[in-house]
Every structure is written in structure tokens, then in C-alpha cells.
1. So which of A:Ala144, A:Ala160, A:Ala98 is small (Gly, Ala, Ser) and within 13 Å of the chain's Cα centre (by Cα)?
2. Does A:Met123 satisfy the criteria of being closer than 20 Å to B:Arg44 by Cβ and more than 12 Å from chain B (Cβ to nearest Cβ)?
3. Could you tell me how many of the residues in the range C:100-140 are under 20 Å from D:Pro4 (Cβ atoms), of a type outside the set (A, V, I, L, M) and out of contact with any helix residue (DSSP H, G or I) (no Cβ under 6 Å at 6 or more places or on another chain)?
4. Yes or no: the range D:155-162 includes at least one residue that is open to solvent by 30 Å² or more (accessible area, probe 1.4 Å) and touching a Ser or Thr at 6+ places or on another chain (Cβ under 8 Å).
5. Within the range C:9-16, can one find any residue that is under 14 Å from the mean Cα position of the chain (by Cα) and either in contact (Cβ under 8 Å) with a residue 12 or more places away in the chain or surrounded by 19 or more Cβ atoms within 10 Å (Cβ to Cβ) (or both)?
6. State yes or no: is A:Asn173 over 22 Å from B:Ala163 (Cα atoms), assigned to a helix (DSSP H, G or I) and either in contact with a helix residue (DSSP H, G or I) (Cβ under 7 Å, 6 or more places away or on another chain) or open to solvent by less than 10 Å² (accessible area, probe 1.4 Å) (or both)?
7. Before we move on, is A:Glu133 at the interface with chain B (Cβ under 9 Å from one of its Cβ atoms), surrounded by fewer than 24 Cβ atoms within 10 Å (Cβ to Cβ), in contact (Cβ under 8 Å) with a residue 24 or more places away in the chain and not polar (S, T, N, Q)?
8. Let me spell it out: the conditions are (1) open to solvent by 30 Å² or more (accessible area, probe 1.4 Å); (2) away from every other protein chain (no Cβ under 14 Å); (3) free of Cβ contacts under 8 Å to residues at least 12 places away in the same chain, and F:Gly32 meets all of them except one. Which number is the exception?
There are 6 protein chains.
Amino acid sequence: MTHPISRFPIPSLDAIPEDVRTRILNVQEKSGFVPNVFLLLARRPDEFRAFFAYHDALMDKAGGLSKAEREMIVVATSAANHCQYCVVAHGAILRIRAKHPLVADQVAINYRKADITPRQSAMLDFAMKVALESHEIEQADFDALAPHGFDEEDGWDIAAIAAFFGMSNRIANATNTRPNDEFYTMGR
Amino acid sequence: MTHPISRFPIPSLDAIPEDVRTRILNVQEKSGFVPNVFLLLARRPDEFRAFFAYHDALMDKAGGLSKAEREMIVVATSAANHCQYCVVAHGAILRIRAKHPLVADQVAINYRKADITPRQSAMLDFAMKVALESHEIEQADFDALAPHGFDEEDGWDIAAIAAFFGMSNRIANATNTRPNDEFYTMGR
Amino acid sequence: MTHPISRFPIPSLDAIPEDVRTRILNVQEKSGFVPNVFLLLARRPDEFRAFFAYHDALMDKAGGLSKAEREMIVVATSAANHCQYCVVAHGAILRIRAKHPLVADQVAINYRKADITPRQSAMLDFAMKVALESHEIEQADFDALAPHGFDEEDGWDIAAIAAFFGMSNRIANATNTRPNDEFYTMGR
Amino acid sequence: MTHPISRFPIPSLDAIPEDVRTRILNVQEKSGFVPNVFLLLARRPDEFRAFFAYHDALMDKAGGLSKAEREMIVVATSAANHCQYCVVAHGAILRIRAKHPLVADQVAINYRKADITPRQSAMLDFAMKVALESHEIEQADFDALAPHGFDEEDGWDIAAIAAFFGMSNRIANATNTRPNDEFYTMGR
Amino acid sequence: MTHPISRFPIPSLDAIPEDVRTRILNVQEKSGFVPNVFLLLARRPDEFRAFFAYHDALMDKAGGLSKAEREMIVVATSAANHCQYCVVAHGAILRIRAKHPLVADQVAINYRKADITPRQSAMLDFAMKVALESHEIEQADFDALAPHGFDEEDGWDIAAIAAFFGMSNRIANATNTRPNDEFYTMGR
Amino acid sequence: MTHPISRFPIPSLDAIPEDVRTRILNVQEKSGFVPNVFLLLARRPDEFRAFFAYHDALMDKAGGLSKAEREMIVVATSAANHCQYCVVAHGAILRIRAKHPLVADQVAINYRKADITPRQSAMLDFAMKVALESHEIEQADFDALAPHGFDEEDGWDIAAIAAFFGMSNRIANATNTRPNDEFYTMGR
């Protein structure tokens, strides 16, 4: 019983606007395959453009968080939201960014027992609170980040990444988007 | 004890890139004041641009959902996430769009008892499931929308609006962004 | 789709015992309208009498809590119980008692971010614990009230108000009692 | 480590108003001891009077619910609220009213597996929904009572009993009121 | 409406392997009756043997926990899992082991308000965390046991007892196994 | 930051009773390494023997469930309990038994979206209810298994496997037992 890419039909590359198709072809060239979320969102070009602009603004920007740490936030919060697409796809990216083949599975199941640093553990405590009970975030939560070298802007970044992927998780869950098979073994 | 606009400092208009400032001045001209979320996000211009591009792609597009219905989704799911900014600000917009001074408070407290139609009630059942347990969304949830005139694309819209404001709620909660005083009485 | 006053039929004033009718006429004279909960409970005169006797014993007595603070407890806990009647009706009374047009909506959505004092915040922490997990109340919860000037009798009052309105919330929810339209704009 | 009657001091009988004392002496004569909740509430005579007036209006009135069924509601919902006083005291009364020495413990632990009738099971489904998620009560919940011979007024009674003891549970929990030792073995 | 011993049929003593039958006859001789869980598990002799071997390894071994304390863990965690069989049967054993006729009901309803020592309260805090959110157990939880005289091996014992009866609770719940009537009054 | 095998010290092979050591050496010969749970439990030989006797009675017996299906139950319920050891170790066994390199990760994150059959989906619905709310299991849950070819004994097996690994999960979580690195890539 192999599920299709999504509950929604996927557009043909011909039917996609030029700029969207270009981004898709670029990721294909770089990764060797097109991650399914690109194909899914391509059926809504305006949402595609906004989604990836937001993604890049958070994930590719400079700042106190390493790229591996950002992916760690994605994996932990996406697992809490039971999002198959994001845990599998970003789990692969996390393994590669962290150069650590075990960490993605550990973080997805229970980050409290993962092979991560106290700094990363504090970061994930904060990210999980944003994901699961953001209305209880208070000054003390930001204060708990400071001893680990995270300033207020880093706090924003952690919160924004948890929030953005909380959106992605809900879209992937509602559209039933499956991760590409390639992700499962990358970086192991 | 009046709280400030946000836990984060607000940039001066001079320090904001041209395109961002223009959008802010436009909303000010149209509404008579600048909603605080514009000021907050202006400190992160790339996020500002992506946020409002996404917002417009979902809230201003054509489709089966009326503008009042879209705001209804925002108010119901933002209340579930205990987001003061979004409930107050979009509650005002909902009152205006629906030409119904009571509906926003009703939907925020318990949409099951609001003065809304069975169609809107089904729409909010779906939106709340996306907001609170999206991993359990299944075909039956889309099927329950159909008798009320919602097709699959409308289902996407409902899910995407609930997901996008789930992100906004978390950002507003983490940054402790307060709604402008003006919103509380608009449309009553 | 305007819902009726309640799932249950409302008695005519003629059919109501003298003392109950008198109280109803008094509130009408004072407020300019009869709050629906009076009409609903009038169909059960013994329960009407006990309900308002209890209400007055808690809300009109002397003690360390101001009248605005008592209403604040009602609004916060009734929102947690998703009781439309109590949030709207007591939200109005709170705005008037506190002479603060914004505070009721703020407290209903997320009291942690409302424009209230640290004393009131501690009071609401206690009240919410009584409303949501009273079996975990312990000495430390009373101790946390003391620095804010609440003695043990004030602790009783906070708990009793949260408990009494927890009852009201459940009755209003089960009977589907709608708040009068007048409440929505009072005190704004 | 035997806990005292309550976190709050208990008044001496002399210090209690005449009518309150009379009710206490009556229950003592009838039961052979004074249930602790009478002593606790006696320190607040107005609340004592309202509490027992409400109690009697719900528990001693005529109607479709047998006295045993009313106590069954108290035990099931009080167990859900983890109220030691009410489960133990009303468990005793339930055993006596139902002439069934096992039913109170069964209902307290898991009413779904108790030796009760389908009618009583439907009654407790309704009562537990009032106790735990009253905002989701809808017409279908009343409809589910009808085949078991419960009319709308019986529905009110079930809801009101669950609501009233939800208040009692919260007061007993916050005041840490212990049940009298006598209750544990009554009716076994 | 008296429920049968279990949803599953109970084997006749003749049909049970020798060693299983011997254990059953021994418990009958010792207790005067055969606890229903022995009859239930006898239909699966290999599971019977493993279950009681595990039970004995945890409940009959030497160590820092008294026999009454071990039963206290069983009662508290089984109540959290709403297991009728284990709360009633082990409640009886707890009353006998602790020589305290009230403690089992108290611990089942809300151990925080039971007549137990601070040491026992700390033990149950730990056991309940294992029962309900074991993935959050951390070094601090073991540390909180130390001042009460529990070493690391005692921590293991508490965790293992909570875990083993978590299994028993689920089996008894799924098979709908009723406690023997005899248990209800033992030790009162 | 690589965590040790467990919060508890691991015994040397010399210090382990003969029968326990033999089982450990057998698994080492068969698998090429010793799964950490064997080493952990070896410090408690009686518990070791009972644990594996129970394990074998459920996982190696004849019956309607395939070996892959049994492992599927373990992975789904262990993920719900956030048990790193069991998800990783039994995820490996599931991949091998099911000859399906993707299914373990899918089932762990959200079994509702895994590439499994409707029969397996019904099996996991039942297993998850046993794991998470066993007190609500009723006849209807067994009835839902029947159309998929599961008889009552299969229902027992599903429940018992979910219950047994619920115990294992709690022990592994409390002892902080890490899965062997070898498991992560087996069967991919």
C-alpha cells in the first residue's frame, strides 16, 4: 500500500510559472531529486513563492544558530506535530548538517535523551514550548537561553523556526504529503 | 500596568526599507493606524515581506470562502492558541466583514455556540482539527466539508489559513505583541 | 442563525414565584434588561434562590478582593471553560468595575499578557489552578498569594469564586444559554 | 501522618449561627457523626446556607432520577476531579442508596466497567461530559439520554448535579477537607 | 447487571498445566479464593508463568521498599490507569500490609492528600511520573528520592513496579477482568 | 555528547549467572552485537529471565499476527511513549521482518500515513488505544478487528504486546537506556 505524493494532484512541470519551475529545477540539480513539498506547493504559485521566501529568510540567514541547530529545531517540533514529511526530509538534512548519522532519529523520538549539547537541549526546550504552548512563553524562557550564548535575536529565530514549521507540518498533514524515498537514507 | 507593543524593540520608520515602509504607510492611510504586527515584523524586513505575501495569497485570493469566513477561521483557531493579538485584531476585521457585531466574541469563546451557519460550523470543525491535531486529518474530514459546498481547493484554503495563523499566533505569543487599542471597538 | 436564549424554554413572568419575580424586576430596573441567566434559572425557583444566594455570598461580601478582581477571576476561569454566557456577561461587568475597557478581552484570551498587576496575575494563577487541576492545590499555592497581600481567607474567596463559576459555566454550557446582546458593548 | 480536617480552622459549635448549628445537630443525630464538610462550611454561614439549599434542591427533589442514580453521578464526577472528600462520603451514600456494596468503588475507578445498567451508563456518559468538557455538549448528548427514559428535565438534573459537585470538589480540594473515617465502611 | 470475570472465557482447572494449577491451588489455600487474574492468565500458560515470575521478582525481593510501599505504588499508578482489577485487589493488599484501613482509598483518589509520609509522597511522585510521562524522567527525579533514603536501586524498583503494573493495568482493562468480590472488604 | 548505555552501571559478563550469560552470548552470535537492553537487565537476573520469557511468549508464539505485524505494534506504541531504545531497536527488526526499509520511520512518526494495509491500520488503532487509554477499550474495539481477520485471541495478542512494551518503554525511559548504534542502519 504505497500512498501517492499527496491527497492533491501534482501539476506537470509545464503548467508551472517560470520562476517556480526554475527553483524546482535548481533543487533537482542540487539534490538529484525534487522534494515532494516543492511539487505540492507548485500548484499554488503565490503560496510557493511566499513559503520559500519565508523558509530562506529563517533558514539561510546569518545569526547565532548553526545550520545544524536550525534543522534540529525542525525535527524536534515536527515530530511533536507528527509530520511525516518534515521529520523524514529535515531528519536527512540534519544528519548531513550535523555530520551525525544518529542524531535525527534521537531528536525525533525524545530530544531529552539525544546526543546533543546542553546548549542544544535548552534551545529545544524553548522551541518545543513555542510549538506546544506558546501562550505560556514568558521572560523566564528567554532568560534560560542566555547562559547558553543565545541572545534575544536568537530567541526570535528559534521561535520563528518552530512557528514556521508548525505551519508546514499542518499543511503537510492536511494534504497528506509523503516524503521522497531518497530522504530516508541520506546522511546515515 | 500597560504592556509595551512587544518584548522586542520596534524600529523607527526611518530605519525600515522603502518597500516595507510603503506598505506600512498604506495600511496606516487605510486604517487610520498601524497595526502593531507590521511594526514588529518590520525589524526583520525579509520576514515581513514573506509574511505579508503569504497572508495576501491566502486572505485576498478568489475562492469559495467569503472574506468573513476566512476571518472566522482566524479568530477561532487563534483563540484556541490563546493569541491575544490575532483574536483582538482579526475579531475586529471579522465583525466588519461579517457585518455582525457579536460574532467575533462568540467564535472566540466557543464557536459551537456562535450565531453562524451549519456551513460555517463545519468549516470551523475542520479548521480546528488542523490547528490542534492535524496529524489525524483524513479523507473523512474533507468529505464532511463537501455537503456544505466546499470543494477540495476550499479544504486546502481552510487548512492553509489555520496553519498560517497558527504560525502568526506562535510568533505573536513568543514576542508578546499587543493588539492596538483601536481594534477592541471596531465594528461593534 | 441567531440561537434562542436557551435549549430550555423560558417561563413567563406570571408563572414565576413572587420572590423570584421581584429579584428579576429589580435587576431589570437596575440594568435596563434582564440577564438571560435569571430567566433560565427562574424555571427552577429553588435552584434560582440558592444560586443567587451563593453568588451574593461570594461576590458582594467584604474582604481583601476588590469587586473588579472578583470579576477578573470569573472572566479568566469562564474562558478556560469556554462559557459564552459568563465570559460575555461578566466581561461587561469587569470592564465597568475595573474602569478599563480592554481588560476583559485580554483576560479572556490569555491573562498572562493582560494589562493587570503582579498581584492580579498571582490571583489568576491560583484561580486557574482551582478551575483546571484543583486536586494539585497545595500549601505552596497559598504561600504564593501571601506576598501580594492575600491572606488565607482571600485564598478561600478566590477558590470559591473559581469553583462557583465553574458550576455556572457547566450549567450555562449544558443549557446552551446565550448572553444578552446588551453585554457585548457595555463598558467599552 | 493523619491530616487535619482541613487546611482551614474549624469553628466551635458555639460560634456558629443558630440555624446552621441546628442543621449540623440534625445531621449528627441522623448519621451519628457530623460530616466534615458541614464543619468546614460553618465558618462561612452564608455560603453554608446557600450550599445546602442548592444541594437539597438538586438531591432531594422529585424527578426521573432515583436517589441512587444521583449519588452515582456524584461519585463518578468527583473521582474524575480527584476529590477525596466527595468520593469517600458519597461513595458511602451510594452504597446505601443502591443497596450495592461494590458499586461505589467500581464507579469511582472506571464507571464503564461497573455493575450498572445501560441507562445508568448513558447517564454517566452525559454527566462526565458535563464535568470534563461541558462546552462540547450538544443536542446529540440529550438525544442519547432519551431512549433510556430520561427527558429534558432529567438532562438538566444530571447536568446540574455534575456541575454542583464540580464546585464542591474544587472547594474540598482547595481547602484540603478530609472525609470522616466513618464513611469508609458504611454500606459495605 | 453483574459482569462476568472477563471478556475472555476462563479455562477449567483440569485443562491447565500442572505447574500453573499448583500455583493457583496454593493461592486459593492461602487466600481462601482464587484471584481472577490467575484464572484469566491460566488460559495462556507461558504468559502466566512469565507474569508471576516478574511479579515475584519485583514484589517479593529484598530492598529498601517495604511491602506496603510497593503496594502503594501499585494502587496509585493503577488508579491513574483506571484499572478496576488492580485498584481493588491491590487496595486490599495495601490495607493489610500497611495495617491502615483508609490508605488504599485515599491513595487511589488523590495520593497528594493521603495519610502517608513525605517519603512515601516522594516515592509516589516518582512512580506517577514513570506511569504517565516516563520520557521526561531525568536525573533530578532520582535526586529527589535520595533525601528520603531511596538509593538508585530503590529508584529502579519504584520504576519497575510502576512499569510492570502499567502492563497489568492494560491487560486487565483490555480483557475486562473484574476483581473478586472478596477484595472489597479485606483489611477494612 | 554521547550518552552512556544507561543511567545504571552495566555488569561485566563474568558477574552474570550462567543462563543469563548464555542467552546474551546467543544473541551476540546471532546479531553480531549485544543489544543494550540485555546488558541492562542482566544486572537483575530474575527480572531478565521473566522479561525475556514474557517477550518470547508474545513475540515468538504462533497466531494470527505475522512477525512483522507484531514489530509494527511495538514501534507505533513505543513512539507514542517516546522510548528511544524501543523505537530504534524494534524499528530495525520491523524493517527486516517486513522487508520494507521505510515502514518503521513512517509508523513511528504517524502510523495513519504509513504504507501499511487497512488490516494493519486497524490493528494499530487498537494497539494505540491499549497504550494510551486502555480503560476505554470496549466490545466495539474488538468488533472493529474482526472484519480484518483478527479473532479474539489475536485481540489479546495485540493488547498484550502493546502492554508489555508499554512496560519496556517505561523501564528504558527511567533507566535512560540507549539503543546500540548498529540498529539505526539495519534493514535500510
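The values are calculated or read from the model by the stated rules, or taken from the named source; none is laboratory data. For clarity, every value in this text was computed on a predicted model and none was experimentally measured. FYI the Cβ positions are ideal-geometry reconstructions off the backbone, even for glycines, and counts take in every protein chain you see. Only protein heavy atoms, including side chains, enter the accessible area calculation; ligands, DNA and RNA are left aside. Shrake-Rupley method; radii C 1.70, N 1.55, O 1.52, S 1.80 Å.
1. Details: A:Ala144 fails: within 13 Å of the chain's Cα centre (by Cα); A:Ala98 fails: within 13 Å of the chain's Cα centre (by Cα).
The match here is A:Ala160.
2. Details: closer than 20 Å to B:Arg44 by Cβ: yes; more than 12 Å from chain B (Cβ to nearest Cβ): yes.
Spelling it out, A:Met123 is indeed closer than 20 Å to B:Arg44 by Cβ and more than 12 Å from chain B (Cβ to nearest Cβ).
3. Start the filter on the range C:100-140 by keeping residues that are under 20 Å from D:Pro4 (Cβ atoms), which leaves C:134-140.
This time we only want the ones that are of a type outside the set (A, V, I, L, M), so: C:134-136, C:138-139.
Cutting the leftovers down to out of contact with any helix residue (DSSP H, G or I) (no Cβ under 6 Å at 6 or more places or on another chain) gives us C:136, C:138-139.
The total comes to 3.
4. Residues of the range D:155-162 that are open to solvent by 30 Å² or more (accessible area, probe 1.4 Å), as a first pass: none.
No: zero hits.
5. Of all residues in the range C:9-16, those under 14 Å from the mean Cα position of the chain (by Cα) come to none.
No, every residue in the range C:9-16 fails to be under 14 Å from the mean Cα position of the chain (by Cα) and either in contact (Cβ under 8 Å) with a residue 12 or more places away in the chain or surrounded by 19 or more Cβ atoms within 10 Å (Cβ to Cβ) (or both).
6. Working: over 22 Å from B:Ala163 (Cα atoms): no; assigned to a helix (DSSP H, G or I): yes; either in contact with a helix residue (DSSP H, G or I) (Cβ under 7 Å, 6 or more places away or on another chain) or open to solvent by less than 10 Å² (accessible area, probe 1.4 Å) (or both): yes.
So A:Asn173 does not fit the description; no.
7. On the way: at the interface with chain B (Cβ under 9 Å from one of its Cβ atoms): yes; surrounded by fewer than 24 Cβ atoms within 10 Å (Cβ to Cβ): yes; in contact (Cβ under 8 Å) with a residue 24 or more places away in the chain: no; not polar (S, T, N, Q): yes.
When the stated conditions are applied, A:Glu133 does not pass them.
8. Evaluating F:Gly32 over (1) open to solvent by 30 Å² or more (accessible area, probe 1.4 Å); (2) away from every other protein chain (no Cβ under 14 Å); (3) free of Cβ contacts under 8 Å to residues at least 12 places away in the same chain leaves (3) as the failure.
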